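Visitor: Attaching a single structure in C-alpha cells format; questions to follow.
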Amino acid sequence: MKIDIDDSAPPYEQVRARISEQARSGALPVGYRLPTVRGLAESLGLAANTVAKAYRALEADGVIETRGRNGTFVAAAGAAADRELASAAQAYAERARRLGLGEDDALAAVRDALRAAYGG
C-alpha cells in the first residue's frame, strides 16, 4: 500500500479507502490479520494517529474488527454492509415520505447525493 502525498484525500482516508477496497474485492480475505497501527504507520511513513483514525473508521463501517490483544482482522463485511445499507435506505424512504416527497423526487435526491459522494 502506498500513500500519495499529492492526492487531495487526507492520508487517513487513503488508508481507509485502500483497505476497504481490498477487503471488499477479496484481496484481503475475511479473517486476514492486519498490521498493528504502529507497524502500518511505520511502513507508510505516517503518524500512528493517522492509521488509528483509519482503523476506527473501518471498524465503524464493519470492514474490520479488533479482537483486543489478538489484533485487527478483516471482518465478514459484505453481509454487515448490505444490512446497514438496507437499513439506511429504509430510513431514508420513510423520511422522504413523511416530508411529502414523491418517489421521483426522493430518487432524484439520492442520485444527486450519489453523484456528489462518488465525484460523478
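The values are calculated or read from the model by the stated rules, or taken from the named source; none is laboratory data. These numbers were taken from a predicted model, which means no experiment stands behind them. Areas reflect the complete protein model, heavy atoms only, side chains present, ligands, DNA and RNA absent. Shrake-Rupley method; radii C 1.70, N 1.55, O 1.52, S 1.80 Å.
Visitor: Roughly to the nearest percent, how much of the accessible area of the stretch 1-68 is carbon and sulfur, given a 1.4 Å probe?
Guide: Result for the stretch 1-68: 49 percent of the exposed heavy-atom area is carbon or sulfur.
Visitor: Would you mind calculating the relative contact order of the chain from Cα pairs under 8 angstrom and at least 6 residues apart, reporting the percent as a whole number?
Guide: 21
Visitor: To continue, here is another question. Quick one: accessible area per residue over the chain, 1.4 Å probe, rounded to a whole number of Å²? Don't skip to the answer; put the middle values down first.
Guide: Values: 8230 Å² over 120 residues.
On a per-residue basis, the chain sits at 69 Å².
Visitor: Give me the extension gain from A89 to E65: residue separation times 0.36 nm, minus the current Cα-Cα distance, reported in nm with one decimal.
Guide: Length gained between A89 and E65: 6.2 nm.
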